[in-house]
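What follows is calculated from the coordinates using simple rules that are stated; it is not laboratory data. Since this is a predicted model, take the numbers as computed values, not measurements. With ideal geometry, Cβ positions are generated from the backbone for all residues, glycine too; neighbour counts draw on all protein chains shown.
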Amino acid sequence: MGGWAIAVHGGAGVDPNLPFERQEEAKQLLTRCLNLGISALRSNLPAIDVVELVVRELETDPVFNSGRGSALTEKGTVEMEASIMDGPKRRCGAVSGLTTVKNPISLARLVMDKSPHSYLAFSGAEDFARQQGLEVVENDYFITNENVGMLKLAKEANKILFDYRLPTHGLETCSAGVESPLIMNGLPISVYAPETVGCVVVDSKGHCAAATSTGGLMNKMTGRIGDSPLIGAGTYACNLCGVSCTGEGEAIIRGTLAREVAAVMEYKGLGLQEAVDFVIKERLDEGFAGLIAVSSKGEVAYGFNTTGMFRGCATEDGFMEVGIWE
């Protein structure tokens, strides 16, 4: 075994004009979450516990699009989703349509551990959360003034906004003002930077785990479900690796992106970084996304075909990196 390794992400597709202060805020949160995971791994916490711990921290801080600070639906509400997967036996849990559960990733974990199912959604998931005694809050808890302003912009533009963290002033210098918008399923979108969060871990025993959580897209249709709660698309873990994806959800779903990393490792014999590079290049068609991954050998890797990806990684031998751009 190559020792433990951990990687975190806060979304792929970053506007090049994102203010420096916002970049630093994101990097500080990623660093804090990495250190939290490193401390847990040094205490021999299992990989599945570490990914839940780290994603809970990301959900609690409003910097990224998960938990508090989630993107708003077209009705101005929050609908969150998350998934978690334990590599050794490929156990998994997923949730969608959450409106009151403070930490969606912990409900996904309970679906995996305490229910006979793998996926619960909307009122059924909410009922299960209360049965299990999870902390619930009013939907207003998740809504920030910043997101209310960005939803207003999205409605005025009659578009889905991906990077809802773009400043509300100076839009003429941002990608929100580009004349050739990206296309999702044949429809135009104005900017691209979902800022979903995720964590992947391999512990000292070589066990891999992955977790992903998001609020989805700004101004999305109510009831929309993206890739983050879909096992094999946004999240996957097995005896070879753990993967968490972020980006254009519909493209990630079509490419079953997370599972593809494991598949090309198993069937093509590729190493972890080779597999990540192959999948980003060959399995996204015209889509845009990024992913983080760890292997059972203690390797860590990431890849993206967007302008940037909020990410950080660390390994037992002392390597640590936090970055946004190439």
Please give the net charge around GLY198, taking every other residue with its beta carbon less than 14 angstrom from that of GLY198, where Lys and Arg add +1 and Asp and Glu add -1. -4
So the FRET efficiency between VAL148 and GLN273, C-beta based with R0 = 35 Å and rounded to 0.05, is 0.30
How would you rank 22-28, 119-125, 35-41, highest first, on the average number of other Cβ atoms within 10 Å across their residues? 35-41, 119-125, 22-28
Can you give me the relative contact order of the range 41-86 as a percent, contacts being Cα pairs under 8 Å and 6 or more apart? 24 percent
Which residues qualify? For ALA121, with a placed amide H closer than 5 Å and at least 5 residues away or on another chain, they are SER96
Theoretical ellipticity at 222 nm over the chain - DSSP helices of four or more residues, -39500 (n - 2.57) apiece, nearest 500: -9500 deg cm²/dmol
Work out the count of Lys pairs in the chain where the Cα-Cα distance is under 16 Å, with the pair 8 or more places apart or on different chains. 11
Taking amide H positions as placed 1.01 Å from N in the peptide plane, with prolines and chain starts having none, which residues 5 or more places from GLY216, or on another chain, fall under 5 Å of its amide H? ALA71
Would you work out the relative contact order for the range 249-326, in percent, from Cα pairs under 8 angstrom that are 6 or more residues apart? 23 percent
For the chain, what does the relative contact order come out to in percent, with C-alpha contacts under 8 Å and a separation of six or more? 27 percent
